[in-house]
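**Student:** Pasting a structure here, questions to come.
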Amino acid sequence: MSNPVSLWPASFDYAIFDFDGTLSATEQLWEKVDRAFFSSRGIEYTPAVHQTLATLGFTGGAHWVREEFCVRDSVKDICDEWNRMGAALYASETVLRPGAEDYLRALRAAGVPLALATTNDPQVLASMEPRVRVRELFDAVVCGKEVGKSKDHPDIYLEAARRIGADPARTIVFEDIVAGTRSAKSAGFITCAVGCTDPLQPVETLRAEADLWLEGWDEIPLG
């Protein structure tokens, strides 16, 4: 970008956020789900599997698991199992990362419309209430199943932008994965890669791909 991006005061008019890893350190929760799922079927859970599922989301991931490992369960049954396990963990363990809610509320108070673009299922998001009040924090919420494509396509960000009346060129997308950062940027969005607690996060690649790098939300000087 020709002009530097300012997170505060905001130099953008709209903002779209990923959830897992970006706003909440839920990577470990989903790893618990994935490890339990694969262990019950005698399949080794590897870093490559972890990265693939993080990109594909639920439906895409279920299709991939069936084809890659010859799992006989239907796509619906796999997604239902993941969602049941995920919702149980989210209900008791999910919290926002330090500084995340403060930043979201500061943007809203400044008149910046916010959207959430997540591969999570609506039932998983609903399970977080009242610990995390998603519908109170965002003007629009788009789940991966609503667009039918993984985050290596920009569809989920474009749909989120449409719902809040945003022009991609004036909208920042916060992501913690390369595929999402890359696809959002290809669609004309401003991109900010966010460091997460996943030890396998490809930090150097993200730094190179995104317009901006943020280590953590509590680094943003809101005062």
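The values are calculated or read from the model by the stated rules, or taken from the named source; none is laboratory data. Fair warning: this is a prediction, and the values are worked out from it, not measured in the lab. Cβ atoms come from the backbone with ideal geometry, glycine included; neighbour counts cover every protein chain shown.
**Student:** If a residue has to be over 19 Å from Glu209 (Cα atoms), in a helix (DSSP H, G or I) and of a type outside the set (A, V, I, L, M) to count, how many in segment 153-179 make the cut?
**Tutor:** Adding up the residues that qualify gives 3.
**Student:** Let me ask something else. Which of (1) assigned to a loop (DSSP other than H, G, I, E, B); (2) modelled with pLDDT under 90; (3) among the hydrophobic types (A, V, I, L, M, F, W, C) is the odd one out, the single condition Ala10 does not satisfy?
**Tutor:** Among (1) assigned to a loop (DSSP other than H, G, I, E, B); (2) modelled with pLDDT under 90; (3) among the hydrophobic types (A, V, I, L, M, F, W, C), Ala10 violates only (2).
**Student:** Continuing with this model, one more query. Taking segment 13-35 only, how many residues are aliphatic (A, V, I, L, M) and modelled with pLDDT under 95?
**Tutor:** Number of matching residues: 3.
**Student:** Which one of Arg72, Arg97, Arg131, Arg84 is in a helix (DSSP H, G or I) and either touching a Leu at 6+ places or on another chain (Cβ under 8 Å) or among the basic types (Lys, Arg) (or both)?
**Tutor:** Just one listed residue meets the conditions, Arg84.
**Student:** Being closer than 18 Å to Lys149 by Cβ, in the same structural domain as Asp139 (by TED's automatic domain parsing), touching a residue at least 40 places away in the same chain (Cβ under 8 Å) and among the aliphatic types (A, V, I, L, M) narrows it down to one residue among Ala117, Ala110; which is it?
**Tutor:** So the residue among Ala117, Ala110 that is closer than 18 Å to Lys149 by Cβ, in the same structural domain as Asp139 (by TED's automatic domain parsing), touching a residue at least 40 places away in the same chain (Cβ under 8 Å) and among the aliphatic types (A, V, I, L, M) is Ala117.
**Student:** I need every pair where a residue in segment 25-36 that is on the phi < 0 side of the Ramachandran plot has its Cβ under 7 Å from the Cβ of a residue that is surrounded by fewer than 15 Cβ atoms within 10 Å (Cβ to Cβ) and of a type outside the set (Lys, Arg), sequence separation at least 6 or different chains.
**Tutor:** Hits for this filter: Ala25/Thr197; Glu27/Thr197.
**Student:** In segment 49-63, what residues are surrounded by fewer than 18 Cβ atoms within 10 Å (Cβ to Cβ) and free of Cβ contacts under 8 Å to residues at least 60 places away in the same chain?
**Tutor:** Thr52, His63
**Student:** Exactly one condition in (1) outside any helix (DSSP H, G or I); (2) surrounded by fewer than 19 Cβ atoms within 10 Å (Cβ to Cβ); (3) among the polar types (S, T, N, Q) is false for Thr205; which is it?
**Tutor:** (1)
**Student:** Sticking with this structure for a sec: What is the one condition in (1) assigned to a helix (DSSP H, G or I); (2) surrounded by 19 or more Cβ atoms within 10 Å (Cβ to Cβ); (3) not polar (S, T, N, Q) that Ala15 does not satisfy?
**Tutor:** Result: Ala15 passes all but (1).
**Student:** Can you tell me which of Ile172, Ile164 is surrounded by fewer than 23 Cβ atoms within 10 Å (Cβ to Cβ), closer than 21 Å to Ala100 by Cα and touching a Phe, Trp or Tyr at 6+ places or on another chain (Cβ under 7 Å)?
**Tutor:** None of the other options fit; the residue is Ile164.
**Student:** Is it true that Glu204 is over 17 Å from the mean Cα position of the chain (by Cα) and within 29 Å of Lys32 (Cβ to Cβ)?
**Tutor:** Criteria met by Glu204.
**Student:** Then there is this: When you check Arg35 against the structure, is it surrounded by 15 or more Cβ atoms within 10 Å (Cβ to Cβ) and more than 30 Å from Gly165 (Cα to Cα), yes or no?
**Tutor:** No; evaluated as a whole, the condition is false for this residue.
**Student:** Determine which member of the set Leu137, Leu158, Leu104, Leu114 is in contact with a helix residue (DSSP H, G or I) (Cβ under 9 Å, 6 or more places away or on another chain) and either at pLDDT below 95 or over 20 Å from Ala10 (Cβ atoms) (or both).
**Tutor:** Answer to the check: Leu158.
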